[in-house]
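Each remark here refers to the structure printed beneath this line.
The values are calculated or read from the model by the stated rules, or taken from the named source; none is laboratory data. If you're wondering where the values come from, they're calculated on a predicted model, not measured in any experiment. So basically every Cβ, Gly included, is an ideal-geometry build from the backbone, and we count neighbours across all protein chains shown.
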Amino acid sequence: MAAQIINGFELAKEKRTQLAKEVEQLKQQGIEPALAVILVGDHPASQSYVKAKQKACEEIGIRSILLTFPSDISEEFLLEQIARLNEDRSVHGILVQLPLPKQMNELHIIEAIAPEKDVDGFHPLNIGRMMTGQKTFLPCTPYGILYMVQSLQVDIAGKHVVVVGRSNIVGKPVGQLFLREHATVTYCHSRTNDLAAITRQADILIVAVGKPKLITSPYVKEGAIVIDVGVNRLESGKLCGDVDFDDVKEVASYITPVPKGVGPMTITMLLHNTIQAARELHK
Ligand code: NDP
């Protein structure tokens, strides 16, 4: 039987309705949640991601502030802008759209963001808090993935979660979040030997690689839950995930599509974190 599709778009819509109510409540207390987004350069994908984040903020009543700078600014200048936003009490969340131009050290920039305004959840302090089970901002894509799997009402404890990809923003933290939920977690990456032998053991398979249709049905156990994080633009202009959707849906129990899968949940969790930041900063 073909897999059921996890509709990230619909889940995101439901969650955003609830978040809009939370924004309304904060406004009644005189707090207007605000997110500052910094975009450096004119990378087309980054521009479209930033636009989508701004639109999502506006739809639920979060004030969005966009700061755009040319790609040749210095790291020092960018650090000054971040310091100014850190001090600004009317700004609750700060997000620097990645990737940054080559002359900048991304880690320096992320570490300059005040941890209490780091709504992307990339600051090392917040990552450390996540790994030690403390309350913090959870990174948006991993958090969105966990939310999607939890929405299926399956028991995550004891399940074998295989994560393909070990980036700092998706692969590594998503494995940690499932570990917190008592899953048994295995990480795979470009040096993994016999990838299919490992992915075939997964009850929950999370793929964050950036290679179109890398995962086909021989990589997937019958009945597995498959979460496709990849966003790849084909020559035709169409978007495609890292999973061969039509092939894998014949063996999986649940599968996320691309688009309308993980993407909308990522932005929703950014909204969630911004509201959390506004609430905490005004305590
Ligand atoms: P990175 O390029 O930072 O990481 C890719 C990972 O995949 C690396 O760990 C790499 O291994 C691994 N890898 C590469 N080739 C293979 C292979 N043949 N077999 C197994 N592993 C492999 O990517 P990101 O984590 O930033 O993003 C991954 C994908 O997710 C991209 O398509 C990106 O666009 C998408 N994305 C989607 C988001 C959303 O909201 N939907 C949000 C963020 C990302 P190694 O470490 O050994 O090099």
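With the condition kept exactly as written, say whether any residue in the stretch 219-231 is more than 20 Å from the chain's Cα centre (by Cα), buried (at least 16 other Cβ atoms within 10 Å of the Cβ) and of a type outside the set (A, V, I, L, M, F, W, C). Checked against the condition, which is being more than 20 Å from the chain's Cα centre (by Cα), buried (at least 16 other Cβ atoms within 10 Å of the Cβ) and of a type outside the set (A, V, I, L, M, F, W, C), the stretch 219-231 yields at least one hit. Only one residue in 82, 73 is part of a helix (DSSP H, G or I), among the β-branched types (Val, Ile, Thr) and assigned by TED's automatic domain parsing to the domain that holds residue 105, so which one is that? That would be 82, the only listed residue that is part of a helix (DSSP H, G or I), among the β-branched types (Val, Ile, Thr) and assigned by TED's automatic domain parsing to the domain that holds residue 105.
Could you list, in sequence order, all residues of the stretch 31-46 that are in a helix (DSSP H, G or I) and within 17 Å of the chain's Cα centre (by Cα)? Can you show your working first?
Just the residues of the stretch 31-46 that are in a helix (DSSP H, G or I), to begin with: 44-46.
Once the filter is applied, which keeps residues that are in a helix (DSSP H, G or I) and within 17 Å of the chain's Cα centre (by Cα), the stretch 31-46 yields 45, 46.
In this structure, does residue 144 turn out to be among the small types (Gly, Ala, Ser), within 16 Å of the ligand (Cβ to nearest atom) and either without any contact (Cβ under 8 Å) to a residue 60 or more places away in the chain or touching a helix residue (DSSP H, G or I) at 6+ places or on another chain (Cβ under 6 Å) (or both)?
Values: among the small types (Gly, Ala, Ser): yes; within 16 Å of the ligand (Cβ to nearest atom): yes; either without any contact (Cβ under 8 Å) to a residue 60 or more places away in the chain or touching a helix residue (DSSP H, G or I) at 6+ places or on another chain (Cβ under 6 Å) (or both): yes.
Considered against the rule, which asks whether it is among the small types (Gly, Ala, Ser), within 16 Å of the ligand (Cβ to nearest atom) and either without any contact (Cβ under 8 Å) to a residue 60 or more places away in the chain or touching a helix residue (DSSP H, G or I) at 6+ places or on another chain (Cβ under 6 Å) (or both), residue 144 comes out as yes.
Every listed requirement among (1) of a type in the set (Lys, Arg); (2) in contact with a helix residue (DSSP H, G or I) (Cβ under 7 Å, 6 or more places away or on another chain); (3) closer than 20 Å to residue 8 by Cβ is met by residue 238 save one, (2).
If you take just the helices (runs of 4 or more DSSP H) that sit entirely in the stretch 147-265, which of them hold at least 3 residues that are more than 10 Å from the ligand (Cβ to nearest atom), within 25 Å of residue 126 (Cβ to Cβ) and touching an Asp or Glu at 6+ places or on another chain (Cβ under 7 Å)?
Values: elements: 171-180, 195-199, 245-248.
Correct list: empty, since no element meets the threshold.
For residue 126, the conditions (1) farther than 30 Å from residue 1 by Cβ; (2) assigned by TED's automatic domain parsing to the domain that holds residue 257; (3) polar (S, T, N, Q) are fulfilled apart from (2). Taking the conditions (1) closer than 16 Å to residue 255 by Cβ; (2) modelled with pLDDT under 95; (3) hydrophobic (A, V, I, L, M, F, W, C) in turn, residue 226 satisfies each one other than (2).
If only one of 155, 118 is crowded, with 19+ Cβ neighbours inside 10 Å and at negative phi, which one is it? Break it down stepwise before answering.
Values: 155 fails: crowded, with 19+ Cβ neighbours inside 10 Å.
Residue meeting the stated conditions: 118.
Rundown of residues vs (1) farther than 29 Å from residue 258 by Cα; (2) touching a residue at least 60 places away in the same chain (Cβ under 8 Å); (3) of a type outside the set (A, V, I, L, M), yes/no style:
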residue	(1), (2), (3)
16	no, yes, yes
20	no, no, no
52	no, yes, no
70	yes, no, yes
78	yes, no, no
82	yes, no, no
94	no, no, no
98	no, yes, no
115	yes, no, yes
